[in-house]
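Since every read-out is calculated from the coordinates, none of them should be taken as a lab result. Quick caveat: nothing in here was measured; it's all calculated off a predicted structure. Please note: Cβ atoms are built from the backbone with ideal geometry, for glycine as well, and neighbour counts cover all protein chains shown.
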Amino acid sequence: MFVADNYTAAILLRRREMEPVNVAKGGKAIPHPALRAPRIFADTATFNDIKPLFEAGIINGLTTNPTLLKKAGAKSWDEAKKIMKNLCDYLKPYPVSLELTELTQDKMIAQAEELRKLGENSVIKVPVGGYTAIDKALDPHTGLKVLRALWERDIRTNATLIFNSTQAYWAAQAGATYVSPFLGRLADFAYKNDNPERNPGNSLYRIDDHKNAKGDQNVSNTEYVASGGARKDIGIRLIREIAQVFANYDIKTEILAASFRNFAQVSEALQAGADILTVPSDILMKVADHPLSDAGMVSFVEDSKAFT
Ligand code: E4P
C-alpha cells in the first residue's frame with residue numbers, strides 16, 4: 001500500500017494558493033474547516049447517476065469522455081452534444097470536462113470552440129498523446145499544440161490520458177488547467193502484464209533491460225523505478241510524482257486524479273496530493289459506508305429504542 005512519506009512543505013504551499021472550495025456565504029460564525037479540500041468530480045455522463053451525488057453535495061464537477069457518453073446513450077455527435085449541454089446546465093457553475101474527438105489541430109480548435117458554447121463551465125478535454133497510434137501520419141505533438149492554442153484563447157483545458165509525470169509536465173507547460181493521470185489503468189496494466197519472475201512493474205518500467213530489442217526506451221516512471229519495491233501501486237505513485245514536480249516548480253495546473261477502481265485508490269490519491277479526484281458514481285454512492293458503520297448503527301438504533 002502506498003504511504004505518503006516526505007510530504008514536503010512545497011506541496012502544502014502550492015495547495016494554499018489554490019482557489020478555496022468550501023466558501024461560506026455571508027454571516028457564518030464557523031469558518032469551513034476544509035476550505036481548500038480537494039474537489040471531487042463524478043466520472044460519468046449519466047444524469048441519473050449524477051443527480052443523487054450532486055444533491056448530497058458530494059460532487060462539485062464532472063468529467064466525461066466518448067466512452068461515458070456512449071454509455072449514457074449517445075448515438076450521434078448531436079446526441080452527445082445534447083447530453084453534454086444538459087450536464088453543463090445542471091452542474092453550473094461547476095466545471096464539466098468535455099472531450100475533443102477530432103484529431104488534427106485546426107479541427108480540434110474548431111471543435112473546442114463548439115463545445116465551449118455548451119456552457120461557461122465547460123472545460124475542454126484534450127488527449128495529450130496517442131495520435132500516431134491512430135494514424136502514423138498524425139503529428140505526435142497535436143495535443144500539446146492544441147492545449148497551448150486553447151490557453152491562448154482563454155479556454156480552460158483538461159489534458160487527458162496522462163500516464164507519466166513527463167506528459168503531465170509538458171501539458172502544464174503548454175498551459176493545461178488540469179492534468180488527468182489515469183491511475184487505475186496503470187494499476188490494471190501492471191496487474192495484467194507483469195512477469196511474475198521479475199520485479200513488479202516490469203511491464204512498464206523494465207528496470208533491468210531499459211531498452212527493448214529495437215533499442216527503444218521503455219522506462220516510463222522514474223519515481224517507481226527509483227522506489228524499486230515490490231509494489232502494484234504505480235498509479236498512486238504517479239500522482240505523488242506529479243505533485244512533487246508541480247510543487248518543485250510552483251506549477252498551478254491542478255492534478256485531476258482519474259480512472260479509479262476502488263476505495264483504497266481514493267484514499268491513496270488523497271494522501272498523494274491530488275487536487276481533484278474524478279470518481280465513478282458507483283464508488284461515490286458508497287463513500288459514507290463501512291461494514292462496521294452498518295453494525296454500529298444497527299446497535300445504536302436498537303439501543304436508542306430504550307428512550308422512546
Ligand atoms: C477521466 O477523466 C476519464 O474519463 C476516466 O477516469 C477514465 O477512466 P477509465 O480508466 O475507467 O476508463
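What ³J(HN,Hα) values, in whole Hz, does the Karplus curve 6.51 cos²θ - 1.76 cosθ + 1.60 give for the stretch 14-29 when θ = phi - 60°, with x put for Gly and Pro?
Once θ is set to phi - 60°, the couplings for the stretch 14-29 become 4, 5, 4, 8, 6, 4, x, 9, 9, 8, 6, 8, x, x, 8, 7 Hz.
Would you grab the residues whose amide H sits under 5 Å from the one on Val279? Only those 5+ places off in sequence or on another chain, please, with H modelled 1.01 Å from N.
Correct list: Phe41, Ala42, Asp43.
If r is the Cβ-Cβ distance from Leu103 to Lys305 and R0 is 41 Å, what FRET efficiency results, to the nearest 0.05?
After rounding, the FRET efficiency stands at 0.05.
Between Arg15 and Glu152, with labels modelled 7 Å along Cα→Cβ, what's the label distance in nm to one decimal, could you check?
Result: 3.6 nm between the two label points.
Run through the stretch 108-190 and list the GluC sites (Glu not before Pro) located in a DSSP loop whose Cβ has at most 11 other Cβ atoms within 10 Å.
Counting only loop positions with at most 11 other Cβ atoms within 10 Å, the GluC sites (Glu not before Pro) in the stretch 108-190 are Glu120.
Using θ = phi - 60° and the Karplus relation 6.51 cos²θ - 1.76 cosθ + 1.60, list the HN-Hα couplings for the stretch 117-125 in order, rounded to whole Hz, with x at every Gly or Pro.
5, 6, x, 5, 8, 6, 10, 8, 8
Ordered by residue, what ³J(HN,Hα) values in Hz, to whole numbers, does the stretch 130-138 give under the Karplus form 6.51 cos²θ - 1.76 cosθ + 1.60, where θ = phi - 60° and Gly and Pro are x?
Per-residue couplings from phi come out as x, 5, 6, 6, 7, 7, 4, 7, 6 Hz.
Among the listed pairs Lys85/Lys136; Lys70/Lys117; Lys107/Lys145, which are separated by more than 23 Å between their Cα atoms?
Those over the limit are Lys85/Lys136.
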